[in-house]
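Participant: Once you've had a glance at the structure underneath, I'll fire off some questions.
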Amino acid sequence: MPLSKRKNANLLSMGVDDAKRKQSQLEIFTTDTAHVLTTNQGLQIPDNHNSLKAGVRGPTLMEDFILREKITHFDHERIPERVVHARGSGAHGYFKVYKPMVQYTHAAFLQDPDIETPVFVRFSTVVGSKGSADTVRDVRGFAVKFYTSEGNYDLVGNSIPVFFIQDAIKFPDLIHAIKPEPHHDMPQAASAHDTFWDFASLMPESTHMLMWAMSDRAVPRSLRMMEGFGVHAFRFINARGDVHYVKFHWKPKLGVHGLAWDEAQKIAGKDPDFHRRDLWEAIESGNFPEWELGVQIVEAGKEDALGFDILDPTKLIPEEQVPVQIIGRLVLNRNPDNFFAETEQVAFHPGHIVPGIDFSNDPLLQGRLFSYTDTQLSRLGGANFHEIPINRGVCPMHNFQRDGLHRQTINKGAVAYEPNTLGNGLQGTEFRVDGAAQGFQSYPEQLQSPKIRCRSPSFDDHFSQATLFWNSQSTAEKDHIAAAFRFELSKVNVPDIRQRMVDNLAHVDPKLATRVATSLGINAPDPKAAAGRLGFRDYRMVNKVDEDPALRMVGRPGGSVKTRKVAILVADGVETATLRRIQQDLVDAGALCKLIAPHLGSVGTTTGRQLAVDHTFATMPSVMFDAVLIPGGSDSAAALCGLGEAVHFVLEAYKHCKTICAVNDGVQLLSTLGFSLGENPDLISVPTPGVLITDVRKVLDGMVSQDFMTAIALHRHWDRLNIDAIPA
Ligand code: HDE
């Protein structure tokens, strides 16, 4: 029977009334036109922005059935991939503290510099599905599980130090807005669409995070070249009970570097596994990625002097204000044996905590404390996910929780309760946990407040730190941010959303807002219109610092040629004396060189030998590399100039501001860019950062490799002029 007839038959057999009822039920559930929000039981919700707390700045109450229902429902929406952070890559390693942190915390793993604490780290994108591309514009998850002697400690952080929202109750809304739109499931792993910017433009508290998300931080060159942040303030507690607020930082040894946006998009198609592969290959080849753990410490009671609320997760503590103290080192030295068993089944949770560290009342963190266990119940199928090997601690575990799906432990004996006298074969001896001093102790904070569902007024400033971030950027980074807003908002179909967004940006920096508005061809930004909208708070604190160099990426320390990928472009007739010299110097310094040719196999050299080729232009485009070397040899150069893929390769590398070195005839490949060898290669008429044009003698005299490597270590030459004019 055809489908339509079958449907009718079903309707008939249900009876006309039942069919109508079903139809109207479906309509209720498929239209979102109602202007009220209700719980799943139909109870109207008066406030969808704030959770129920013990005081405006107090912890969220377990009683908050609306918060719990909303987050529970959200947590169960995807099976089995993670609801957020679905796409991830993991690695094993170890952590070592540099010196005892006894002054601030009694956490055991932060005391002894001789102890290596095993770790498992999972990096992830937030928005895309498990199979989405690595180089999309997004925050990266940076989750570290420390297997300590006192239990597992999870520092479940991100690559950006602030967040979009201030209260956990808005998380499902944020993620619904940024995920593919529900009617057609598009776009994948992208924020550049109407619903995200609709939400963001209506939520001024997201502005600071938007500035970061539109910066190159959101398109990292490598997971190994990315900072990590705990985001929330936590508490350190020492043996005397003294309390300090602490913010955690991970600082990569290789520096912090981003991709060009055009490059990131192309990589997403050419190699969607770009970051995963990069991490895997670095570890396999013994180039173990490293980070240092930093802490910003603020004595409890002195946090008001910061000038903003330390509990507000849309704020960071400028490093200029409170320096980061480096306290330890993380090394990733082993790839997982099985992606599913380890990277997929690992279950992180901000509530996996150890004595000496405690939570703050940050309302985002408080909501997270509920969410992570809850989400594992759907994802990992029951309450025993702590028994999965990757999640097991290294210290003994003992309690009277029993049974449940997939229980692994075979508990012996009759006793599954406490207190008891029948357990442990010690009949008559009482086993009782008496609440004495040992074990995890929550900080005994005094709370005397009304039960209230509202946001603390100290969270009201939504723009000052967005401005601080903007003011701290280099010119090139500002250009990238403005271009990213243009890109994202150009993909928004509803004009009002674009306008709302630039109106908001006027409160960050009027010039930025005007620039974005002009590039979108819309009305000039109107800060008053933004200020007149619901959700806008007319409060601006005064930043204690005007700029913070730690907020930019360009010109910061840490640049290195180590593990940088250099393409050497060759064809028949290539001259190899210079090639070998530069290649050897690069390899000695830790760079990775690959020979790219029009075909696989080998190419002939000027001395009549054969040179083995690694890849063809077809499979390894310029976006896979950090730098390009074009050796000499007139036949080789002529052959490459006649090959569209080779010409495109260098144009694109140039456009993406990469270092290019051309030796002798190799410069012919740069002729479309206006470069030539000339009589004196030092006298290039337009000085172009990161382009080296040289002759054989200089290479063999050893005068080129160092300049080439210094230029590569700068990562990119973002101040290169007129790159928009390059057709690549
Ligand atoms: Fe998460 N987050 N999150 N998150 N998050 C998850 O837990 C959640 C937030 C972060 O590699 C989920 O096991 C809520 C901030 C990372 O396995 C889920 C809120 C930060 C990872 C969840 C936040 C993070 C997650 C999905 C707002 C940075 C990946 C799968 C209150 C500090 C961990 C899972 C991994 C994963 C909930 C906000 C970091 C649904 C409710 C802020 C790195 O439980």
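The values are calculated or read from the model by the stated rules, or taken from the named source; none is laboratory data. Note that the structure is predicted; figures quoted are calculated from it, not measured. Heads up, the Cβs are rebuilt from the backbone with ideal geometry, glycines too, and the neighbour counts pull from every protein chain shown. The accessibility values were calculated without ligands, DNA or RNA, using every heavy atom of the protein model including side chains. Shrake-Rupley method; radii C 1.70, N 1.55, O 1.52, S 1.80 Å.
Participant: Within the stretch 438-478, count every residue that is touching a Lys or Arg at 6+ places or on another chain (Cβ under 9 Å), assigned to a helix (DSSP H, G or I) and open to solvent by 80 Å² or more (accessible area, probe 1.4 Å).
Facilitator: Matching residues across the stretch 438-478 total 1.
Participant: Based on this model, can you work out whether Gln376 counts as of a type outside the set (A, V, I, L, M), more than 16 Å from the ligand (Cβ to nearest atom) and touching a helix residue (DSSP H, G or I) at 6+ places or on another chain (Cβ under 7 Å)?
Facilitator: no
Participant: Still on this structure, I have one more. Exactly one of (1) open to solvent by 10 Å² or more (accessible area, probe 1.4 Å); (2) out of contact with any His (no Cβ under 7 Å at 6 or more places or on another chain); (3) under 17 Å from His257 (Cα atoms) is unmet by Gly559. Its number?
Facilitator: For Gly559, the failing item is (2).
Participant: What about Pro172, is it touching a helix residue (DSSP H, G or I) at 6+ places or on another chain (Cβ under 7 Å) and near the ligand (Cβ under 8 Å from one of its atoms)?
Facilitator: yes
Participant: Quick one: would you say Arg720 is at negative phi and at pLDDT 95 or above?
Facilitator: Answer is no for this residue.
Participant: Right, here's the next one. Between residues in the stretch 292-308 that are in contact (Cβ under 8 Å) with a residue 40 or more places away in the chain and residues that are in a strand (DSSP E or B) and among the small types (Gly, Ala, Ser), which pairs lie under 6 Å by C-beta distance while being six or more apart or on different chains?
Facilitator: Cβ pairs passing all conditions: Leu293/Gly328.
Participant: Just give me the residues in the stretch 99-129 being closer than 23 Å to Asn158 by Cα and open to solvent by 30 Å² or more (accessible area, probe 1.4 Å), in sequence order.
Facilitator: Of everything in the stretch 99-129, those that are closer than 23 Å to Asn158 by Cα and open to solvent by 30 Å² or more (accessible area, probe 1.4 Å) turn out to be Pro118, Ser129.
Participant: From (1) within 22 Å of Pro220 (Cβ to Cβ); (2) within 16 Å of the ligand (Cβ to nearest atom); (3) of a type in the set (S, T, N, Q), pick out the condition that doesn't hold for Gln166.
Facilitator: Result: Gln166 fails condition (1) only.
Participant: Among the candidates Ser201, Ser206, Ser222, Ser215, single out the residue that is within 16 Å of the ligand (Cβ to nearest atom) and among the small types (Gly, Ala, Ser).
Facilitator: Ser206
Participant: Could I ask something else about it? Taking the stretch 333-352 only, how many residues are within 30 Å of Lys251 (Cβ to Cβ) and away from the ligand (no atom under 14 Å from the Cβ)?
Facilitator: Residues flagged as within 30 Å of Lys251 (Cβ to Cβ) and away from the ligand (no atom under 14 Å from the Cβ) within the stretch 333-352 amount to 4.
Participant: What helices (runs of 4 or more DSSP H) completely inside the stretch 479-535 contain at least 2 residues that are open to solvent by less than 30 Å² (accessible area, probe 1.4 Å)?
Facilitator: 495-505, 510-520
Participant: Do we find that Thr373 is within 30 Å of Gly423 (Cβ to Cβ), of a type in the set (S, T, N, Q) and loosely packed, with under 14 Cβ neighbours inside 10 Å in this structure?
Facilitator: Here the answer is no, as Thr373 does not meet what is asked.
Participant: Quick one: how many residues across the stretch 347-389 are in contact with a Lys or Arg (Cβ under 6 Å, 6 or more places away or on another chain) and more than 27 Å from Leu52 (Cα to Cα)?
Facilitator: Within the stretch 347-389, residues that are in contact with a Lys or Arg (Cβ under 6 Å, 6 or more places away or on another chain) and more than 27 Å from Leu52 (Cα to Cα) number 1.
Participant: Tell me, yes or no, whether the stretch 66-87 has at least one residue that is within 12 Å of the ligand (Cβ to nearest atom), touching a residue at least 60 places away in the same chain (Cβ under 8 Å), over 28 Å from Leu202 (Cβ atoms) and buried (at least 19 other Cβ atoms within 10 Å of the Cβ).
Facilitator: No, the conditions are met nowhere in the stretch 66-87.
Participant: In addition: Among the residues of the stretch 130-145, is there at least one that is within 20 Å of the chain's Cα centre (by Cα), among the small types (Gly, Ala, Ser) and open to solvent by 20 Å² or more (accessible area, probe 1.4 Å)?
Facilitator: yes
Participant: Moving on. Hey, can you tell me all the residues within the stretch 617-646 that are open to solvent by 20 Å² or more (accessible area, probe 1.4 Å), closer than 20 Å to Lys658 by Cα and not in a helix (DSSP H, G or I)?
Facilitator: Hits for the stretch 617-646 are Ala618, Thr619, Met620.
Participant: Select from the stretch 697-722 the residues that are of a type in the set (A, V, I, L, M) and open to solvent by 40 Å² or more (accessible area, probe 1.4 Å) and list them in ascending order.
Facilitator: Selection gives Leu700, Met703, Leu714, Leu721.
Participant: Within the stretch 94-137, count every residue that is within 16 Å of the ligand (Cβ to nearest atom) and aromatic (Phe, Trp, Tyr).
Facilitator: Result for the stretch 94-137: 2.
Participant: Right, next: Quick check on my filter: what residues within the stretch 147-163 are more than 8 Å from the ligand (Cβ to nearest atom) and either touching an Asp or Glu at 6+ places or on another chain (Cβ under 9 Å) or at negative phi (or both)?
Facilitator: Tyr147, Thr148, Ser149, Glu150, Asn152, Tyr153, Asp154, Leu155, Ser159, Ile160, Pro161, Val162
Participant: Against the definition (hydroxyl-bearing (Ser, Thr, Tyr) and under 28 Å from Lys53 (Cα atoms)), how does Thr105 come out, yes or no?
Facilitator: yes
Participant: Under 9 Å between Cβ atoms, at least 6 apart or on separate chains: pull out the pairs that start in the stretch 351-376 with a residue that is under 11 Å from Ile71 (Cβ atoms) and end on any residue that is within 7 Å of the ligand (Cβ to nearest atom) and among the basic types (Lys, Arg).
Facilitator: Between residues of the stretch 351-376 that are under 11 Å from Ile71 (Cβ atoms) and residues that are within 7 Å of the ligand (Cβ to nearest atom) and among the basic types (Lys, Arg), the close pairs are Thr375/Arg82.
Participant: Let me ask you something else. Please pick out the residue among Arg221, Arg235 that is open to solvent by less than 20 Å² (accessible area, probe 1.4 Å), at pLDDT 95 or above and closer than 30 Å to Ala589 by Cα.
Facilitator: Arg221
Participant: State the number of residues belonging to the stretch 348-370 that are open to solvent by 20 Å² or more (accessible area, probe 1.4 Å) and part of a helix (DSSP H, G or I).
Facilitator: The qualifying residues number 4.
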